[in-house]
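Laboratory data are not the source of any read-out in this text; all were calculated from the coordinates shown. Computed from a predicted structure; not experimentally measured. Note: ideal-geometry Cβ built from the backbone for every residue, glycine included; neighbour counts use all protein chains shown.
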Amino acid sequence: MMDWTDANKKVAHAKRRTQELLDTYHAWENDRGLLRIEIKDDELAKYSWFAGMQKEPAVDLSLLAGDVFGALRDALDYVAWQVFLAGGGDRDGKQANQVYFPIAVDQAAFDKQVKKIPTAWPAAIERLHAAQPFNQTNGVESVLPALHAINNPSKHRELSLVTAGTFSQSATLPKLPDDLGLSIMLIQPWPVLKPNSFDLIAKVGIIRKVGDDSFQTVRWSEGVILDQPPRPTLELTFTNGNGEIALGAVPEVVAHVESIVGSFAHLDDPDESEV
């Protein structure tokens, strides 16, 4: 009989750590640990925004997130392990070390990965197949690939918290002469948040084309008008150079994995004819 206790414990741990992650983040933000600085250039018609860490959060957010992502991956792999054992797999055999939960972007990749659970029977394979990203139609198709990537970092790359600026609406300005235009720039790659360090995340300015592929920012002295744009919204994201998951999306990732683990709760053990 399959036992899902440990998988459920892993999910429960991930949920607790997610709440701790969000509580720590909100307390840090409310304490002005994360700052945005806006600068209106004295000479050029542009505004720039910088973001940085004025003080560190009480607990390292990347460590908390890493714990969440690791627990979720472990929960999925434990599901695969229970299927392997129920199908007749030897927990001490050579195949045991190769068992993991398949995460595939297409059918061909799934057919290859599911072979890592050689004892899986048709009903179990059907459940594994249903959980695959290419079978999702509810907007969560990117969750498992992101979780897989973030648990497989590039060499020497730890999980980092980076910041990106996004504009919910564009800057407003009166009609410009034909030779002028509005430039809105969001900085990439996203800067890593570090204590007492502020990095450019976005800028808005009025530009003039001065060549086939060249532009320059015009000066206020030319009489141009650029009202102060709405400040960009900060989006914090965890990345390891191989994958990324936004801080705000962590609860959704947890919920998706919990639903997958739950879908195996009523999976019957294989009949003797299926083993």
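Report the extension gain between Asn30 and Thr166 in nm, rounded to one decimal, defined as 0.36 nm multiplied by the number of residues separating them, less their alpha carbon distance. Don't skip to the end; give the middle numbers.
Numbers: separation 136, 0.36 × 136 = 48.96 nm, distance 2.05 nm.
In short, 46.9 nm is gained.
Mind pulling up the Rg/Rh value for the stretch 48-152? Radius of gyration and Kirkwood radius, both on Cα. Write out the running numbers ahead of the final one.
Working: Rg = 17.7 Å, Rh = 15.7 Å.
With Rh from the inverse mean 1/r over Cα pairs, Rg/Rh is 1.12.
Full extension from Gln19 to His266: what is 0.36 nm times the residue separation minus their Cα-Cα distance, to one decimal in nm? Display every interim value, and only then the final one.
Working: separation 247, 0.36 × 247 = 88.92 nm, distance 2.82 nm.
Length difference between fully extended and current span is 86.1 nm.
Got a sec? Charge dipole of the stretch 225-274, +1 on Cβ for Lys and Arg, -1 for Asp and Glu; which of His266, Pro230, Leu247 is way out at the positive end?
Towards the positive end, the residue furthest out is Pro230.
Does anything in the stretch 176-201 have its amide N under 20 Å from the 7 Å Cα→Cβ label point of Val210, and if so which residues?
Counting backbone N atoms under 20 Å from the label point, the list is 177-185.
Hey, how much of the P(r) for the stretch 1-99 falls beyond 19 Å, as a percent of Cα pairs? Don't jump to the answer; show the numbers that get you there.
On the way: 3024 of 4851 pairs.
That tail contains 62 percent of the Cα-Cα pairs.
Just to compare against my own numbers: the Cα pair-distance distribution for the stretch 5-274, 10 Å bins, whole % per bin, please.
Reading the bins upward from 0: 6, 23, 25, 18, 14, 8, 4, 1, 0.
So, in nm, how far is label Glu252 from label Asn8 when the simple model puts each one 7 Å beyond its Cα toward the Cβ?
2.8 nm
Under the 0.36 nm per residue contour assumption, what length would be gained going from the current alpha-carbon distance of Ile39 and Asp199 to full extension? Intermediate values should be presented prior to the final figure.
Values: separation 160, 0.36 × 160 = 57.60 nm, distance 1.24 nm.
Net length gain for the segment: 56.4 nm.
Which of the aspartates and glutamates could be linked to Lys94 by a straight reach, that is with a Cα gap under 12 Å, when you skip same-chain ones fewer than 8 residues away?
Straight-line reach from Lys94, under 12 Å: no aspartates and glutamates qualify.
Considering only C-alpha atoms, what is the centroid distance from the stretch 103-122 to the stretch 1-66, in Å?
The stretch 103-122 and the stretch 1-66 have Cα centres separated by 35 Å.
Pairs Lys10/Lys112; Lys10/Lys116; Lys46/Lys209; Lys55/Lys194: which are spaced more than 18 Å apart, C-alpha to C-alpha? Don't skip to the answer; put the middle values down first.
Details: Lys10/Lys112 27 Å; Lys10/Lys116 22 Å; Lys46/Lys209 16 Å; Lys55/Lys194 9 Å.
In this structure, Lys10/Lys112; Lys10/Lys116 lie more than 18 Å apart at Cα.
Debye sum, Cα scatterers, the stretch 177-275, no solvent: what log₁₀ I/I(0) at q = 0.15 1/Å?
Evaluating at q = 0.15 Å⁻¹ gives log10 I(q)/I(0) of -0.88.
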